[in-house]
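This report concerns only the one structure given below.
Rule-based calculations on the coordinates, nothing more; no lab input. All values derive from a computational prediction rather than experimental measurement. All Cβ positions, even for glycine, are placed from backbone atoms using ideal geometry, and neighbour counts span all protein chains on display.
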């Protein structure tokens, strides 16, 4: 699959999650769940994109403006990572938490719009369709490895799956 199609698909998935944030009221536990899911999908996306896609474009871009566009994309990723770190501080999903999540969403949507116009244009200029397919296949493999490596039960599930008696046996 062409990497540009893969990236667009992942952008739409994260965008759909971001769109669910605004209707939530502060204090709604769904905000926490949305933040966790956005962070999970976005972290994997950013890591793979930087390693397989941006690095290639950075090295191929010949024009100074094109290199600036690629480095701008890297910088927008750094900003998103910083905002995601703010959300991991274990707070309640209050007004500040919702605001931070909405700012992350606004930044991601801005990044997506620029990436799909400027960065994709650079990719189309310097990569032939076979290269874009090869990057897409490498992306799918990297995502499968990352997804299989993170199939650990969540803390909530692990806690819910235990009983007082089984916890007591574990402590002995």
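Below are the figures for this structure:
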read-out: Rounded tilt (10° steps) of 129-149 against the dominant C-alpha axis of the chain; value: 10
read-out: Those residues of region 109-129 whose amide nitrogen sits under 18 Å from the label point placed on residue 60, 7 Å along Cα→Cβ; value: 115-129
read-out: Angle in degrees between helix 64-87 and the longest Cα principal axis of the chain, rounded to the nearest 10; value: 0
read-out: Listed candidates (i) 19.1, 66; (ii) 29.1, 106; (iii) 17.5, 55 - label of the one calculated as Rg and Dmax of the Cα atoms in Å; value: (i)
read-out: Computed [θ] at 222 nm, helices only, for the chain once each DSSP H run of length n ≥ 4 contributes -39500 (n - 2.57); value: -24500 deg cm²/dmol
read-out: Folded to 0 to 90 degrees: helix 3-19 orientation relative to the chain principal axis, Cα; value: 40
